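Have a look at the structure below before the remarks.
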Amino acid sequence: MTISMATSPQTRLFQNTNLFNHKNKNKNKPFLPLSFKPISIKCATKLDTQHSTTPLHTQSQDRVFNFAAGPATLPENVLLKAQSELYNWRGSGMSVMEMSHRGKEFLSIIQKAESDLRTLLQIPSEYSVLFLQGGATTQFAAVPLNLCTPQDSVDYIVTGSWGDKAFKEAQKYCKPKVIWSGKSEKYTKIPSFDDFEQNPDARFLHICANETIHGVEFKDVNYPNPKNSSGILVADMSSNFCSKPVDVSKFGVIYAGAQKNVGPSGVTIVIIRKDLIGNAQSFTPVMLDYKIHDENNSLYNTPPCYGIYMCGLVFEDLLERGGLKEVEKNNKRKAEILFNAIDESSGFYKCPVEKSVRSLMNVPFTLEKQELEGEFIKEAAKEKMVQLKGHRSVGGMRASIYNAMPLAGVEKLVAFMKDFQAKHA
Ligand SMILES: Cc1ncc(COP(=O)(O)O)c(C=O)c1O
């Protein structure tokens with residue numbers, strides 16, 4: 001269905017609102033910036049601003065399939081809902097961007113976002129949920145600052161670049177040790193329990209649940225059991241957050257940047273067992289102290305309001321899709337189709353990652369004929385499939401297929417890969 005400016009909700013948005021301002025010489029005409037162009041949205045589904053009714057696997061003809069690793073594709077119905085509420089949020093007369101973070105409207109938004117996230121992940125009541133800023137990179141410092149003294153030893157399992165960065169940052173605030181590293185095998189593996197020895201005195205054990213660049217993921221069965229005296233497991237879940245059910249009670253801290261599965265960049269979510277809050281090192285900046293944020297319900301300073309609102313819309317959408325079990329089913333299906341295409345290509349495409357730990361979210365692959373990689377990416381872009389270039393440290397290609405990537409996007413990519421192979425084999 002095509003929605004033109006004449007009839008679309010966008011038109012109504014403009015008609016219902018005062019677009020006149022003092023710089024507008026012609027007072028009878030709405031002021032629009034010079035660059036304004038009427039929007040024509042070809043929408044595969046009915047737009048419903050109250051409830052998202054968009055089926056899972058739709059894609060507007062105007063949009064590309066975006067395989068970026070993050071910021072990444074967002075659910076189309078969430079974007080449309082945000083668009084419909086952008087100018088005047090639910091009759092408040094304001095955009096969410098303009099609201100006081102202490103006003104009742106925004107409080108309702110952040111509280112609903114937290115409550116929906118708690119429902120989605122079944123977060124036990126003894127855990128706090130914090131909406132913070134600074135990205136997961138800031139948490140690389142915040143975690144040791146809050147959980148350790150400078151003398152404490154800590155264990156890091158390093159399965160890729162992000163785990164390595166977390167370890168390096170922790171060196172400033174405690175005494176971390178890498179107890180297992182996949183570096184010598186180009187980060188294509190996840191260790192089994194017997195592969196590493198934990199320090200019984202370590203304050204916590206840190207993992208990166210899904211390495212976005214290398215495409216290796218801890219599956220439920222191989223989350224390591226922390227054997228340190230505190231029994232604390234800490235996970236960076238930035239790139240598989242809310243992509244499947246997780247038993248939160250296994251973790252002391254889970255942290256994640258929002259910009260892969262649950263929203264725009266600028267929001268970082270921390271889920272932390274309450275008894276771990278309140279022991280930050282004395283020089284911890286106030287913005288990194290979990291106690292401050294917990295006591296103030298993530299409103300100590302001005303939070304990333306619009307980003308939190310977007311995360312809330314995504315949480316609502318995930319619940320409407322049937323929750324994380326359904327989401328995981330869908331993610332498994334997409335990953336299976338893509339990995340099968342790679343594995344059944346007689347070596348034309350290759351994924352270096354050991355099969356049992358392949359990420360459902362980030363699929364790195366190379367071409368046997370490396371010289372064709374540029375052409376692959378260019379031709380795919382012509383077909384509206386973008387951001388397929390692998391990370392600069394790894395090369396090749398990478399398809400990130402987060403929750404919001406429709407099945408149709410993966411099917412289209414696989415069809416393209418088969419065509420490309422037929423042309424170039
Ligand atoms: C697994 C993982 N951890 C940490 C980061 C760093 O996140 P940010 O850029 O939000 O600090 C990323 C970014 O892509 C990531 O994928």
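Every number in this text was worked out from the coordinates using simple rules, so none of it is lab data. Fair warning: this is a prediction, and the values are worked out from it, not measured in the lab. A quick note on method: Cβ atoms are made from the backbone with ideal geometry, for glycine too, and the neighbour counts reach across all protein chains shown.
Laid out as a table, the results:
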{"quantity": "Positions within region 158-182 being away from the ligand (no atom under 12 Å from the Cβ) and among the small types (Gly, Ala, Ser), in sequence order", "calculated": "170, 181, 182"}
{"quantity": "All helices (runs of 4 or more DSSP H) inside region 71-165 with 3 or more residues being touching an Asp or Glu at 6+ places or on another chain (Cβ under 7 Å)", "calculated": "135-147"}
{"quantity": "Filtered residues of region 331-347 (kept if in contact with a helix residue (DSSP H, G or I) (Cβ under 7 Å, 6 or more places away or on another chain) and either assigned to a helix (DSSP H, G or I) or surrounded by 21 or more Cβ atoms within 10 Å (Cβ to Cβ) (or both))", "calculated": "333, 334, 337, 338, 341"}
{"quantity": "Residue in region 317-330 that is among the acidic types (Asp, Glu), closer than 22 Å to residue 107 by Cα, touching a helix residue (DSSP H, G or I) at 6+ places or on another chain (Cβ under 8 Å) and in a loop (DSSP other than H, G, I, E, B) present", "calculated": "no"}
{"quantity": "Some residue of region 149-157 being within 16 Å of the ligand (Cβ to nearest atom) and among the small types (Gly, Ala, Ser)", "calculated": "no"}
{"quantity": "Unique residue being without any contact (Cβ under 8 Å) to a residue 60 or more places away in the chain and at positive phi when the list is 156, 187", "calculated": "187"}
{"quantity": "Selection from region 172-194 of residues that are within 26 Å of the chain's Cα centre (by Cα) and farther than 21 Å from residue 214 by Cβ", "calculated": "none"}
{"quantity": "Selection within region 63-119 - within 30 Å of residue 364 (Cα to Cα) and of a type in the set (Asp, Glu)", "calculated": "76"}
{"quantity": "Qualifying residue in region 299-312 (condition: without any contact (Cβ under 8 Å) to a residue 60 or more places away in the chain, within 16 Å of the ligand (Cβ to nearest atom) and out of contact with any Phe, Trp or Tyr (no Cβ under 6 Å at 6 or more places or on another chain))", "calculated": "yes"}
{"quantity": "Criterion violated by residue 235 - all others in (1) within 11 Å of the ligand (Cβ to nearest atom); (2) buried (at least 23 other Cβ atoms within 10 Å of the Cβ); (3) at positive phi satisfied", "calculated": "(3)"}
{"quantity": "Residues located in region 197-225, provided they are touching a residue at least 40 places away in the same chain (Cβ under 8 Å) and away from the ligand (no atom under 12 Å from the Cβ)", "calculated": "198, 199, 201, 202, 203, 204, 205, 219, 222, 224"}
